[in-house]
Structure formats: structure tokens, C-alpha cells
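Single-structure report; data block below.
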Amino acid sequence: MNSLNRRRFLKTSSAGAALAFAPAIGRAGVSANDKMGVAVVGVNGRGSSHIQEFLRDDRVEIRVIVDVDEAVANQRCDDIEKKQGTRPTPVADMRQAFDSKDIDIVSTATPNHWHALTGIWAMQAGKDAYIEKPVCHNVYEGTALIAAARKYGRMCQVGTQCRSSQAIIDAVAFIRSGGIGDVRFARGLCYKRRKSIGALGNYEIPSTVNFDLWSGPASYTDPRLTRSRFHYDWHWQRHYGNGDLGNQGPHQTDIARWGLGIDAHPSRIISYGGRLGYRAERNDDSYVDAGDTANTEVSIYDYGDKCIVFETRGLDVAESADEELNKLFKSTSGNKIGVVFYGTEGYVVQDSYSHCYVFDKDMNVVREFKGGGEHFMNFVSACESRRVEDLNADVREGHLSAGISHLGNISYYLAEKNLLTVADISAELAKIPSLDDNEATLQRTVQHLQKSGVDPDREMMALGAQLDFDPEKEVFTNNDAANALLTREYRAPYICPLADKV
Ligand SMILES: NC(=O)c1ccc[n+]([C@@H]2O[C@H](COP(=O)([O-])OP(=O)(O)OC[C@H]3O[C@@H](n4cnc5c(N)ncnc54)[C@H](O)[C@@H]3O)[C@@H](O)[C@H]2O)c1
């Protein structure tokens with residue numbers, strides 16, 4: 001980092017200094033051109049892929065890199081300079097980028113608790129926004145994002161890149177034209193090993209990180225870090241992340257909803273599961289993992305005449321006894337991440353970002369769809385055309401699909417202490433209308449736990465609250481405590497406005 005950039009980074013590392021310093025961003029070191037200027041916000045993991053995608057597009061130039069971790073920001077600026085020929089300005093406070101006239105596009109891959117506020121601030125400042133999934137950390141943030149996009153006439157694309165994948169576009173068209181008969185039910189899967197993130201504790205915050213800015217809308221205590229690894233593992237702490245239901249889930253539930261032609265929230269929701277298996281793994285009944293999201297979760301979404309089920313499995317997935325799913329995913333072992341559509345005349349299976357199979361009722365493959373896509377280029381094209389309908393993943397789609405994970409997690413969070421035996425969960429699920437075979441899904445989940453050494457009658461699962469939701473008004477009609485979880489307590493000045501205040 002040169003001394004000017006370093007001074008700028010440190011100075012803007014406090015919220016108060018940011019706006020005063022805003023004019024400092026400009027085209028210093030950047031040749032004037034007609035390209036659209038990009039600021040990428042949050043560049044450790046996924047954000048580095050955003051950078052690679054923008055570097056492939058001649059219509060844009062990356063001019064600012066925003067990251068609250070100075071080391072990460074500088075590394076990315078070095079990399080970009082080598083490839084782009086010009087060095088972006090590294091800053092810690094995103095508001096500095098929003099104040100710059102040289103920025104047209106803001107692309108964000110921060111942790112989830114920052115997504116909506118980043119998008120809203122960017123669009124209020126007249127920028128178009130690409131926002132990672134889940135597009136919001138809670139339901140009201142999603143509604144506010146839609147309102148901001150429409151009010152300020154901005155393009156807002158969500159990072160559900162499957163929406164631009166040719167294989168999935170073709171498979172969805174095939175399903176919706178009756179290719180596998182009548183389809184009312186889809187199952188999304190995230191069977192992916194997630195190890196314990198370590199014991200709940202009191203850990204050092206890396207010296208290169210501005211933790212006040214990292215925390216943003218989430219409350220900031222002490223400062224204190226309760227997990228050992230700073231980056232990424234926040235996914236499994238609900239204050240910041242949404243578990244795998246809200247991490248992998250928004251890709252698969254988005255495809256499920258798209259294929260089923262559902263353009264609304266569900267009207268009834270229930271989840272069951274827990275954060276299980278880590279005590280058995282450590283042979284220590286008192287072990288407390290720093291995560292507090294479920295690593296085993298089944299959520300059932302009732303849309304009246306249609307249904308989506310999403311299953312999260314975080315323990316060992318090396319071998320699976322799920323006969324039907326093994327056939328549909330053509331594998332008995334390893335991760336299974338995808339969607340199965342169940343039709344009266346066959347099945348469609350999405351098993352990667354760029355591949356789908358069609359099976360007949362006898363489980364013979366009768367067709368395949370292949371091909372990826374250009375999700376970022378689709379976004380940049382819409383920024384040029386100024387037509388929302390050109391976006392493959394407009395913010396409204398992102399809101400409905402993120403909403404699925406939030407509603408499922410609310411059911412679980414409300415009743416996580418409601419620990420029941422398998423027999424009791426089974427008895428309760430038998431009362432719940434669903435297009436899935438609830439009992440079969442429960443028993444497959446139990447088998448999965450047992451294979452990892454968990455006795456679910458000892459380390460028990462919680463049966464979540466059965467929730468009725470008004471999809472239009474976005475309120476629960478049978479549970480006031482659930483309504484409180486449609487939003488969060490914000491920490492000034494990082495307050496995400498409600499939709500009518502954007
Ligand atoms: N679309 C996809 O396929 C895909 C894949 C992976 C991750 N993601 C999403 O990308 C997001 C980031 O995930 P990750 O795994 O890269 O997380 P990460 O923790 O590795 O990286 C997040 C980065 O954001 C920075 N950051 C935090 N607050 C910031 C702020 N206020 N301003 C600027 N920078 C800030 C952090 O310092 C860090 O460098 C998540 O929302 C995740 O769901 C999407």
C-alpha cells in the first residue's frame with residue numbers, strides 16, 4: 001500500500017471520518033475512459049470471484065476495492081493492478097465509494113448481515129447493485145431492497161448465478177412446458193460436510209480488521225469474537241449468517257421455486273433439526289461449538305397446491321443410504337447439492353451449476369441439459385439497457401428465495417429448545433399436510449445422524465413452530481414472536497430502513 005492509500009485506509013476506518021474524506025476517491029492513477037466504474041465490496045472469498053468476473057468484461061473498470069480487512073483489500077488491489085493495468089483505491093468504509101462520481105456499479109460479497117444495507121445505500125447514491133445471496137439477512141430487509149431499487153430506478157441483481165445457466169434455464173422451461181407431467185413438489189438438498197468451527201470462546205480480532213465496520217448493523221460487543229476463525233465461519237452464527245439453509249439454500253430453493261412457477265412466499269412453514277453431532281465427534285458431552293445455526297435441518301414449505309422441502313445435512317456424507325436419491329444423483333457417496341422435481345411422468349434433477357438430468361418414472365435418463373452462463377455480464381448489460389426485465393435475477397426473485405430460508409430458520413429458532421424424541425417428531429409431522437412423505441424424510445435424516453454416531457433420542461432434534469404466513473402482507477398470523485424475527489435490532493448508524501422509508 002502506498003503511503004497515500006494507507007493514510008486514506010486508516011482514516012476512513014472510522015465511520016465518522018468516512019464522509020468527510022469521501023472526495024478523496026477519484027481517478028488518481030486511473031486513466032479517464034468511458035467505462036463503467038465498479039466498486040467491489042467484501043473481497044475475501046466470493047468477492048475475489050466478483051473481481052475475476054469484472055476483469056473479463058471490457059465495459060467496466062474496477063476503481064475501488066472496499067474491505068474492512070486492510071490486508072485483504074491490499075492483496076486484491078495488487079492482483080487487480082497486474083491484470084487491469086490500473087490500481088483501484090482500497091478503502092475500508094463503503095460510503096466513501098458511494099460518494100464517488102467515478103463509481104457506477106457496486107458489487108458486494110460481504111457477510112450476510114451487511115447485504116441489504118450495502119445495496120440500499122448504494123442505490124440511494126445512484127449506483128446499480130449486484131448483491132450476493134442471500135440478498136438479505138431477514139425478510140424486511142429484502143422488501144426494503146426491492147423498494148429502493150424501484151424508487152431510485154436502479155438495477156439490482158442477486159448472486160444466484162444459476163439464473164444465467166443455460167442448463168437450468170432449459171430444464172426449467174422443460175418442466176414448465178409439461179416435460180415431466182404435472183409437477184407440484186421439489187426437494188432441495190445441501191448434503192455437505194461442515195465440521196465444527198471450534199469451541200465457543202473469546203478470541204482475538206485480527207489486527208488488520210476494523211471490527212466496528214465489520215459488525216455494522218449487528219450489535220458490537222466489547223469488541224469480542226466468539227469463534228476462532230475470523231472470516232467465513234460467521235456463516236454459522238445467526239447474528240451474521242443464516243446457516244446452510246440461508247447459505248447454499250438460496251441457490252436451490254430459487255431453482256425449485258422457479259421450476260414450480262411459484263411467485264410468492266409460502267403460507268405454512270415448519271422446520272426440525274439441530275446443531276448435532278459435534279459432541280459425539282469429540283466424545284465430550286459438555287462441548288459447545290461456537291456456531292448456533294442448525295447443521296441438520298429439514299424445512300417444509302406449503303404453497304397451497306405446491307410444496308418445497310429443503311434438507312440440510314452437515315455431518316458425514318461419505319455414504320448415503322437414500323436409495324432413490326442415490327439413483328437420481330447417480331452417486332452413493334459424497335456431497336449431494338441440488339434439486340429434484342417430482343413429476344407425474346418423471347423427474348428432473350439439477351446436480352450442478354451447469355447440468356440437469358431428466359429421468360422417466362423407471363429412473364432411466366432420457367435427456368440432459370448442459371451449459372453455464374454469464375451472470376455478471378447479464379447484470380452489466382442490464383446496467384446499459386436500463387431495463388429491469390433484462391436482469392436474470394432481479395432483487396424480487398432474490399427476496400422470495402432468501403425469504404424461504406429466513407422463514408424456515410424462524411420456525412427452528414422459535415422452538416430450538418423444544419427437543420423431542422424421533423417418535424414424538426414423527427407423530428407431530430403426521431399431522432402436517434405436505435406433498436412430501438414426511439415420515440420417509442424424517443427416517444432418512446435419522447439414519448444420517450446415526451451413521452455419524454448421533455443417537456437422536458439422546459442428542460435430540462428440535463421440532464420448530466408451525467407457522468402460518470400471509471404471503472402478501474408478510475406477517476405471521478399465528479405467532480407474534482415469529483413476527484419479531486422478520487427484522488432485527490440495528491445498531492446506529494447502520495440502520496436498515498423499512499420499505500416505506502427507503
Ligand atoms: N454466489 C455464490 O456462489 C457464492 C459463493 C460463496 C459465497 N457467497 C456469498 O458471498 C458472501 C461472502 O462470503 P465469503 O465466504 O466470501 O465470506 P468471507 O468472510 O470470506 O469474506 C467476506 C469479506 O467481506 C469483508 N467485509 C465484512 N464487512 C465488510 C464491510 N462492511 N465492508 C467491506 N468489507 C466487509 C470481510 O473483511 C471479508 O474480507 C456471503 O454472503 C456468501 O453467501 C456466494
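The values are calculated or read from the model by the stated rules, or taken from the named source; none is laboratory data. These numbers were taken from a predicted model, which means no experiment stands behind them. Don't worry about glycine lacking a Cβ; one is built from the backbone with ideal geometry, like all the others, and counts go over all protein chains shown. When the accessible area is computed, the model is the full protein with side chains, heavy atoms only, and any ligands, DNA or RNA have been set aside. Shrake-Rupley method; radii C 1.70, N 1.55, O 1.52, S 1.80 Å.
Would you mind telling me the share, in percent, of accessible area of the stretch 58-114 contributed by carbon and sulfur at probe 1.4 angstrom?
44
Probing with 1.4 Å while keeping every protein chain in the model, the per residue accessible area of the stretch 53-127 equals 29 Å². Counting only Cα atoms, the stretch 183-332 measures 52, 37, 25 Å along its principal axes, largest extent leading.
State the three equivalent ellipsoid semi-axes of the stretch 425-502, derived from the C-alpha gyration tensor as the square roots of 5 times its eigenvalues, in descending order and whole Å. Square roots of five times the eigenvalues give 35, 19, 11 Å.
Phi angles of the stretch 490-500 translate, via the Karplus equation with coefficients 6.51, -1.76, 1.60 and θ = phi - 60°, into HN-Hα couplings of 9, 10, 4, x, 9, 9, 7, x, 6, 4, 7 Hz per residue; Gly and Pro are given as x. For the peptides 447-454, 249-256, 201-208, the ranking by packing is 249-256, 447-454, 201-208, with the highest mean count of neighbouring Cβ atoms within 10 Å listed first. Summarising the label geometry, the points placed 7 Å from Cα in the beta-carbon direction at Tyr287 and Gln124 lie 4.5 nm from one another.
Quick check on the chain: helices-only [θ] at 222 nm, where DSSP H runs of length 4 and up contribute -39,500 (n - 2.57) each and the sum goes over total residues. Nearest 500, please. Kindly include the intermediate steps, with their values, before the conclusion.
Numbers: 17 runs with 166 residues, N = 502.
It lands at -9500 deg cm²/dmol.
Could you rank the peptides 217-224, 398-405, 161-168, 483-490 by their average count of other C-beta atoms within 10 Å per residue, with the highest value first? Present the calculation step by step, with values, prior to reporting the outcome.
Numbers: 217-224: 13.6, 398-405: 27.5, 161-168: 23.1, 483-490: 16.0.
Most protected by this proxy first, the peptides run 398-405, 161-168, 483-490, 217-224.
Look at the alpha carbon pairs under 8 Å that are at least 6 residues apart: their mean separation over the length of the stretch 267-370 gives a relative contact order of 15 percent. Ordering 149-155, 131-137 by mean Cβ neighbour count within 10 Å, with the highest value first, yields 131-137, 149-155. Relative to the dominant Cα principal axis of the chain, helix 395-414 is inclined by about 60°. Each residue, Asp457 and Asp390, gets one label point 7 Å from its Cα in the Cβ direction; the gap between the two is 6.2 nm. Just to confirm a number: summing +1 for Lys and Arg and -1 for Asp and Glu over residues other than Ile270 whose beta-carbon lies under 12 angstrom from that of Ile270, what do you get? Counting the neighbours of Ile270, the net charge comes to -3.
Accessible area per residue, 1.4 Å probe, Å², for the stretch 372-476: what's the number?
On the way: 4400 Å² over 105 residues.
The answer is 42 Å² per residue.
Taking the Cα atoms only, what angle lies between the long axis of helix 115-124 and the longest principal axis of the chain, rounded to 10 degrees? So the inclination is approximately 40 degrees. Counting Lys +1, Arg +1, Asp -1, Glu -1, what net charge surrounds Phe469 among other residues with beta carbon under 14 Å of its beta carbon? With Lys, Arg at +1 and Asp, Glu at -1, the net is -4.
Count charges around Arg227 for me, please; just the other residues with Cβ under 11 Å from its Cβ, Lys/Arg as +1, Asp/Glu as -1. Display every interim value, and only then the final one.
Working: positive: Arg224, Arg229; negative: Asp233, Asp289, Asp292.
That sum, taken over residues with Cβ under 11 Å, equals -1.
Taking one quarter of the surface of the C-alpha convex hull of the stretch 91-196 gives a mean projected area of 10.1 nm².
Rounded to the nearest 10 degrees, the inclination of helix 46-55 to the longest alpha-carbon principal axis of the chain is 60 degrees. Annotation: amide H of Val135 within the under-5 Å range of Ala402, sequence separation 5 or more or interchain, hydrogens built in the peptide plane.
Among the listed pairs Lys195/Lys336; Lys431/Lys451; Lys151/Lys370; Lys192/Lys370, give every one whose C-alpha distance is greater than 26 Å.
Details: Lys195/Lys336 16 Å; Lys431/Lys451 28 Å; Lys151/Lys370 38 Å; Lys192/Lys370 23 Å.
Violating the 26 Å limit, Cα to Cα: Lys431/Lys451; Lys151/Lys370.
A convex hull fitted around the alpha carbon atoms of the chain yields 142 Å³ per residue. Modelled label positions at Lys35 and Thr86, each set 7 Å beyond Cα in the direction of Cβ, lie 0.7 nm from each other. The mean of 1/r over all distinct Cα pairs in the stretch 276-364, once inverted, gives the Kirkwood hydrodynamic radius of 15.5 Å.
Karplus-based coupling profile of the stretch 336-342, in residue order and whole Hz: 10, 10, x, 9, 10, 9, 9, with θ = phi - 60° in 6.51 cos²θ - 1.76 cosθ + 1.60 and x standing for Gly or Pro.
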